[in-house]
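The values are calculated or read from the model by the stated rules, or taken from the named source; none is laboratory data. Keep in mind the model is a prediction, meaning the values are calculated, not measured. Here the Cβ positions follow ideal geometry from the backbone for every residue, glycine too, while neighbour counts run over all protein chains shown.
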Amino acid sequence: MQLEPRPTPWVFPTRDELVSLPDDEETDLIAVGADLAAGTILAAYRGGLFPMPHGQRRVGWWCPARRGVLPLGALHVARSLRRSVRDFEIRVDTAFAEVVDGCADPQRPGGWIDDRIKEAYLELHRFGWAHSVEAWRDGRLAGGLYGVVLGGLFAGESMFHRERDASKVALVGLVDLLRDEHADRRLIDTQWVTPHLAGLGVVEIGRREYLERLPDLLAVPVAVPFLTPPALAGPTPRGPLA
């Protein structure tokens with residue numbers, strides 16, 4: 001169940017305005033300001049943008065010229081990772097706040113998730129839009145990821161691990177959860193490509209291509225595992241890679 005929050009009073013650049021921008025990294029940051037209300041963040045995602053802190057008090061809104069995406073069929077699972085998958089249990093939304101806290105650990109290099117971001121995504125979770133995919137072992141959270149689900153788009157925000165391969169296993173679990181009759185129309189958005197993500201099959205597409213695909217992505221039905229109200233969510237069996 002996804003509840004629609006109060007509409008945002010802020011106006012973001014249109015798709016035509018974004019497509020007309022120069023195709024270089026200097027244009028990744030589109031705007032600065034606004035707020036992190038649930039309606040504002042959803043409006044941004046629906047227009048191809050996502051938020052990150054910009055300085056201590058302001059929020060930046062980003063639409064990378066080169067977008068990192070993972071088509072479900074492109075996931076690369078190395079033999080060692082395939083073995084690791086068998087050691088974990090995949091759950092959905094049983095520890096959302098703990099996953100966000102793990103991703104926001106200030107000891108992580110390059111950490112960007114502050115208290116404003118954490119509270120904003122907890123609110124999105126309460127509205128049914130933000131979800132966590134978790135890797136558990138022996139009753140303990142070993143790693144996971146979280147993001148926002150809009151139709152066939154899983155807009156990934158961050159991932160973390162406490163045990164080796166746990167975050168990668170969570171990504172494998174996410175792909176399994178999204179594999180249904182609409183799988184060929186679904187996409188995982190990773191924002192940018194890192195060497196770590198590239199090794200798992202994440203590729204770059206241009207801003208124009210991403211924005212042109214977005215309306216179709218938003219029109220796809222939400223995958224069933226992400227329709228369960230958070231308060232009722234429970235362990236989700238692992239997919240065929242388990």
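Residue count for the stretch 16-36 satisfying the condition of being touching an Asp or Glu at 6+ places or on another chain (Cβ under 8 Å) and of a type outside the set (A, V, I, L, M, F, W, C): 0.
Restricting Leu150, Leu122 to those that are in contact (Cβ under 8 Å) with a residue 60 or more places away in the chain and surrounded by fewer than 24 Cβ atoms within 10 Å (Cβ to Cβ) reduces the list to Leu150.
Only helices (runs of 4 or more DSSP H) wholly contained in the stretch 1-110 count here; list those with 1 or more residues that are under 18 Å from the mean Cα position of the chain (by Cα) and buried (at least 20 other Cβ atoms within 10 Å of the Cβ). Step through it out loud before you land on a result.
Numbers: elements: 15-19, 38-46, 79-85, 96-103.
Helices (runs of 4 or more DSSP H) meeting the threshold: 38-46, 96-103.
Tell me the residue from Gly128, Gly173, Gly152 that is modelled with pLDDT of 95 or more, within 14 Å of Asp93 (Cα to Cα) and in contact with a Lys or Arg (Cβ under 9 Å, 6 or more places away or on another chain), please. Show your work before the answer.
Numbers: Gly128 fails: in contact with a Lys or Arg (Cβ under 9 Å, 6 or more places away or on another chain); Gly152 fails: within 14 Å of Asp93 (Cα to Cα).
Exactly one residue qualifies, and that residue is Gly173.
Report whether or not Val175 is part of a helix (DSSP H, G or I) and β-branched (Val, Ile, Thr). Give the derivation first.
Numbers: part of a helix (DSSP H, G or I): yes; β-branched (Val, Ile, Thr): yes.
Against the criterion (part of a helix (DSSP H, G or I) and β-branched (Val, Ile, Thr)), Val175 qualifies.
Among the residues of the stretch 158-193, those identified as surrounded by fewer than 21 Cβ atoms within 10 Å (Cβ to Cβ) and free of Cβ contacts under 8 Å to residues at least 60 places away in the same chain are His161, Glu163, Asp180, Glu181, His182, Arg185.
Give the residue that is modelled with the highest pLDDT, with candidates limited to residues of the stretch 54-79 that are under 16 Å from Arg116 (Cβ atoms), in contact with a strand residue (DSSP E or B) (Cβ under 8 Å, 6 or more places away or on another chain) and not hydrophobic (A, V, I, L, M, F, W, C). If you could, list the steps in order and put the result at the bottom.
Of the residues in the stretch 54-79, the ones under 16 Å from Arg116 (Cβ atoms) are 54-62.
Filter again for in contact with a strand residue (DSSP E or B) (Cβ under 8 Å, 6 or more places away or on another chain), leaving 54, 58-62.
So of that shortlist, the ones also not hydrophobic (A, V, I, L, M, F, W, C) come out as 54, 58, 60.
Values: His54: 90, Arg58: 92, Gly60: 97.
The extreme case among them is Gly60.
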